[in-house]
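Take a look at the structure set out below.
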Amino acid sequence: MIKPFDARVIVVKPERKEQTESGIILPDTVSEQGQTDEGIVVSVGQGSRNMTTGEFMPIPLEEGDKIIYAKFSATEVKYEDVDYYIVAERDIIAVESK
């Protein structure tokens, strides 16, 4: 498994629905609309350093959290035939409550 440095998280995108419950087929352009994207956290970095004390400030996320982040802010990486996305903590907009 890959582990992110500093204040970054690694996410995978959830499976996109190809069809609604009522049977309407969704085109690819539906998922490309809007200014945000979402992903499921698979790995969390150690956090950023506090400039005063030098201690790490942990990222308040856990593996399995579903996050919403700024679209086009993630770096795509392929590792062992899986597409992962590396997202900086500052680009995370929200986390869905469990």
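The values are calculated or read from the model by the stated rules, or taken from the named source; none is laboratory data. Keep in mind that this is a model prediction, so the values were computed, not measured. FYI the Cβ positions are ideal-geometry reconstructions off the backbone, even for glycines, and counts take in every protein chain you see. Note: accessible area is taken over every heavy atom of the protein model, side chains too, but ligands, DNA and RNA are not part of it. Shrake-Rupley method; radii C 1.70, N 1.55, O 1.52, S 1.80 Å.
Taking the condition of being surrounded by fewer than 14 Cβ atoms within 10 Å (Cβ to Cβ) and part of a loop (DSSP other than H, G, I, E, B), how many residues in the stretch 68-77 meet it?
Taking the stretch 68-77 and keeping what is surrounded by fewer than 14 Cβ atoms within 10 Å (Cβ to Cβ), we get 72, 75-77.
Keeping just the survivors that are part of a loop (DSSP other than H, G, I, E, B) gives 72.
Residues in the stretch 68-77 being surrounded by fewer than 14 Cβ atoms within 10 Å (Cβ to Cβ) and part of a loop (DSSP other than H, G, I, E, B): 1 in total.
Looking for whichever is at positive phi, open to solvent by less than 70 Å² (accessible area, probe 1.4 Å) and at pLDDT below 90 here; the options are G47, G34. Which one fits?
Exactly one of G47, G34 is at positive phi, open to solvent by less than 70 Å² (accessible area, probe 1.4 Å) and at pLDDT below 90, namely G34.
Can you tell me which residue within the stretch 78-91, out of those that are aliphatic (A, V, I, L, M) and at pLDDT 95 or above, is most open to solvent (accessible area, probe 1.4 Å)?
Quick first cut of the stretch 78-91, residues aliphatic (A, V, I, L, M) only: 82, 86-88.
From what's left, at pLDDT 95 or above: 86-88.
Working: I86: 46, V87: 0, A88: 14 Å².
In this case the residue turns out to be I86.
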